[in-house]
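Comments concern the structure below.
The values are calculated or read from the model by the stated rules, or taken from the named source; none is laboratory data. Not measured: the values here are computed from a predicted model. Positions of Cβ are generated from backbone atoms using ideal geometry, with glycine treated the same way; all protein chains shown enter the neighbour counts.
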Amino acid sequence: MDRRLSRQIVIAGGGIAGLTAALAFAQRGFDVRLFEQAARFEPFGAGLQLSPNATRLLGRLGVLQLLRPKAVEPAAVLLRDARTLKVLSRFPLGEFAERRWGAPYLTAHRADLHEALLAKASVEPAIEISTGARMTGDFTFAVQGATVTYERNGRREIAEAPLVTLADGVWSTLRERMFPTSQREFSGLLAWRATADGDSVAGRAFTAMSSVDCVTAFLDPYFHLVAYPVSGGRAFNFVAFTKGKANAEGRSAEQDSSPLAAATRHCPALSGLVAQVGEWTAWPLNTVTQHGPWIRPEGAAMIGDAAHAMTPFAAQGAAMAIEDAVALAGMVADTTTTQDLPARLRQWEQVRKARVAQVARRGALNKLAWNAAGPLAVGRDLLLRLRSPASLAADLDWLYGYDVQSGMSGSIT
Ligand SMILES: Cc1cc2nc3c(=O)[nH]c(=O)nc-3n(C[C@H](O)[C@H](O)[C@H](O)COP(=O)(O)OP(=O)(O)OC[C@H]3O[C@@H](n4cnc5c(N)ncnc54)[C@H](O)[C@@H]3O)c2cc1C
């Protein structure tokens, strides 16, 4: 029987993907129930680069306005040789990016982005957020949608909606239950992350070695290190990538940074910076294989890192989560009957898979270029010298100029 699709949505996970989905569905007239397992939202994580394809959507959701006072709009991306600190390329951002792609390129602490999303969601009457509520993997589907179970205060309760959105991150247990063919894999790489105040020893050392209003990537065959301002410019985010083993726990942990010290030993300025920063947190980089399904046509969709965690070399994980969420809400909002939902979900999955795969390929290419050695590095440096900012920017129009709501991409100038 053809039934009207009820305007209710259940979301598992209150990270970047889940909160964005809550706002996007609420904006489209849905009533949203979001379940977050943590007893309370704590500020955690580190810096994020937020490119125009994501900030344009945050703007439409009314989140960008809340984020901007704590974010930074960097003037440029500088690529530097990690050993000599020589600038290999300067790619303008700031006004150039905003003019070209119609939205700003920002850097921010993840906690500031999360806080802005939460502040907006908390005052939205159509969104009900439950913390300390862990969704279990027990689902049933019927004509009218999904019935899910969650645990709160030691009690099991149920929620029903035509669509359940799984946004429970790279460590998703719900994926294991609902999409068992999708697997999390350790990439063999560690991300070493730290934040330092601008007036700390490390902050002053970095100020002396690069432009503080830029995103700087220091390139070397054994590692690369990316640094940029966050927290309104009062602090710097540092993230370096080396090969390594996942720690026993598997998740991020403060860890002896000797592998990072070893990787940077040929780079005097950077090995000094690594020592001055002192405490580094190691994040084993896990990815999720992308060949499995992201939807259950009967009424479930998986978004963000749960579906497609990727290595961060295109700086697009959160941006893809934001795009997934807004695209899903748009697709479902245009669906009037339960009978239409499976086809709409398949359409969403097809579009999102193609986009995410393209972004992941770009990340892999960046990694190859940034860790190039010998003749490959010489060729890279030559190419970077010969290319104008406009031609480098044209290469990124498909990524930063993309508007998930219209499906269009390109520069607007
Ligand atoms: C080193 C590094 C650098 C990065 N840099 C960038 C960058 O520059 N730009 C960028 O765009 N992205 C970047 N990313 C990626 C970005 O951080 C992630 O893609 C993004 O935060 C994923 O958001 P999410 O909401 O999918 O997952 P998460 O943020 O992990 O949120 C998942 C939420 O679900 C909750 N949860 C889990 N299980 C349950 C359950 N059963 N029931 C209820 N709740 C549950 C969790 O408690 C959590 O709150 C980077 C990542 C790394 C590791």
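Need at least 3 residues that are among the hydrophobic types (A, V, I, L, M, F, W, C) and not assigned by TED's automatic domain parsing to the domain that holds residue 239 per element, so show me which strands (runs of 3 or more DSSP E) inside region 46-110 make the cut, counting only ones lying wholly within it.
76-81, 87-92
Kindly provide the set of residues from region 46-84 that are near the ligand (Cβ under 10 Å from one of its atoms) and of a type outside the set (A, V, I, L, M, F, W, C), ordered by number.
47, 49, 51, 53
Taking the options 233, 154, name whichever one is more than 16 Å from the ligand (Cβ to nearest atom) and on the phi > 0 side of the Ramachandran plot. Reasoning before the result, please.
Numbers: 154 fails: more than 16 Å from the ligand (Cβ to nearest atom).
The match here is 233.
Answer yes or no: is there a residue in region 105-126 that is buried (at least 23 other Cβ atoms within 10 Å of the Cβ) and hydroxyl-bearing (Ser, Thr, Tyr).
Yes: region 105-126 contains one or more residues that are buried (at least 23 other Cβ atoms within 10 Å of the Cβ) and hydroxyl-bearing (Ser, Thr, Tyr).
Does any residue of region 354-362 turn out to be at pLDDT below 95 and among the aliphatic types (A, V, I, L, M)? Step through it out loud before you land on a result.
Step one: of region 354-362, the residues at pLDDT below 95 are none.
No, every residue in region 354-362 fails to be at pLDDT below 95 and among the aliphatic types (A, V, I, L, M).
Let me spell it out: the conditions are (1) surrounded by fewer than 22 Cβ atoms within 10 Å (Cβ to Cβ); (2) within 16 Å of the ligand (Cβ to nearest atom); (3) modelled with pLDDT under 95, and residue 287 meets all of them except one. Which number is the exception?
If we test residue 287 against (1) surrounded by fewer than 22 Cβ atoms within 10 Å (Cβ to Cβ); (2) within 16 Å of the ligand (Cβ to nearest atom); (3) modelled with pLDDT under 95, just (3) comes out false.
Select from region 308-348 the residues that are among the small types (Gly, Ala, Ser) and more than 8 Å from the ligand (Cβ to nearest atom) and write down the one among them that is farthest from residue 113 (Cα to Cα).
The extreme case among them is 343.
Would you please name the residue that is farthest from the ligand (Cβ to nearest atom), looking only at residues in region 22-45 that are small (Gly, Ala, Ser) and in a loop (DSSP other than H, G, I, E, B)?
In this case the residue turns out to be 29.
Residue check: is residue 378 without any contact (Cβ under 8 Å) to a residue 24 or more places away in the chain and farther than 19 Å from residue 317 by Cβ?
Yes; evaluated as a whole, the condition is true for this residue.
Sort out which residues of region 1-21 are within 12 Å of the ligand (Cβ to nearest atom) and either at pLDDT below 95 or over 30 Å from residue 233 (Cβ atoms) (or both), and write them in order of number.
Listed by number, the residues that qualify are 10, 11, 12, 13, 21.
Here is a list: 227, 301, 240. Which entry is within 16 Å of the ligand (Cβ to nearest atom) and under 30 Å from residue 5 (Cβ atoms)?
301 is the lone residue from the list that is within 16 Å of the ligand (Cβ to nearest atom) and under 30 Å from residue 5 (Cβ atoms).
Among the residues in region 292-310, are any farther than 30 Å from residue 177 by Cβ and aliphatic (A, V, I, L, M)?
No: region 292-310 contains no residue that is farther than 30 Å from residue 177 by Cβ and aliphatic (A, V, I, L, M).
Take the conditions on the phi > 0 side of the Ramachandran plot and surrounded by 14 or more Cβ atoms within 10 Å (Cβ to Cβ) and apply them to residue 363. Does it pass?
No; evaluated as a whole, the condition is false for this residue.
Okay, residues lined up against (1) farther than 27 Å from residue 281 by Cβ; (2) modelled with pLDDT under 95:
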residue: 46; (1), (2): no, yes
residue: 55; (1), (2): no, no
residue: 58; (1), (2): no, no
residue: 63; (1), (2): no, no
residue: 70; (1), (2): no, no
residue: 77; (1), (2): no, no
residue: 80; (1), (2): no, no
residue: 85; (1), (2): no, no
residue: 94; (1), (2): yes, no
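Residue check: is residue 373 assigned by TED's automatic domain parsing to the domain that holds residue 355, exposed (fewer than 12 other Cβ atoms within 10 Å of the Cβ), at pLDDT 95 or above and under 19 Å from residue 81 (Cα atoms)? Step through it out loud before you land on a result.
On the way: assigned by TED's automatic domain parsing to the domain that holds residue 355: yes; exposed (fewer than 12 other Cβ atoms within 10 Å of the Cβ): yes; at pLDDT 95 or above: yes; under 19 Å from residue 81 (Cα atoms): yes.
Yes, satisfied.
Return yes when residue 65 is free of Cβ contacts under 8 Å to residues at least 24 places away in the same chain and over 17 Å from residue 332 (Cα atoms) and no when it is not.
yes
Looking at 253, 248, 282, which is the one that is in contact with a strand residue (DSSP E or B) (Cβ under 7 Å, 6 or more places away or on another chain), surrounded by fewer than 21 Cβ atoms within 10 Å (Cβ to Cβ) and modelled with pLDDT under 95? Walk me through it before giving the result.
Numbers: 248 fails: in contact with a strand residue (DSSP E or B) (Cβ under 7 Å, 6 or more places away or on another chain); 282 fails: surrounded by fewer than 21 Cβ atoms within 10 Å (Cβ to Cβ).
None of the others qualify; the one that does is 253.
Got a number for residues in region 318-345 being exposed (fewer than 15 other Cβ atoms within 10 Å of the Cβ) and not in a loop (DSSP other than H, G, I, E, B)? First the steps, then the outcome.
Looking only at region 318-345, we keep the residues that are exposed (fewer than 15 other Cβ atoms within 10 Å of the Cβ), and these are 334, 336-337, 339-340, 343.
Those left that are additionally not in a loop (DSSP other than H, G, I, E, B): 337, 343.
Summing the residues that are exposed (fewer than 15 other Cβ atoms within 10 Å of the Cβ) and not in a loop (DSSP other than H, G, I, E, B) in region 318-345 gives 2.
Under the condition of being out of contact with any strand residue (DSSP E or B) (no Cβ under 6 Å at 6 or more places or on another chain) and β-branched (Val, Ile, Thr), which residue from region 127-161 is nearest to residue 297 (Cα to Cα)?
Within region 127-161, the match that is nearest to residue 297 (Cα to Cα) is 143.
Conditions tested, residue by residue: (1) surrounded by 15 or more Cβ atoms within 10 Å (Cβ to Cβ); (2) of a type in the set (S, T, N, Q).
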| site | (1), (2) |
| --- | --- |
| 148 | yes, no |
| 153 | no, yes |
| 159 | yes, no |
| 163 | yes, no |
| 168 | yes, no |
| 181 | no, yes |
| 208 | no, no |
| 216 | yes, yes |
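Return yes or no: is residue 260 modelled with pLDDT of 90 or more, over 19 Å from residue 48 (Cα atoms) and within 14 Å of the ligand (Cβ to nearest atom)?
yes
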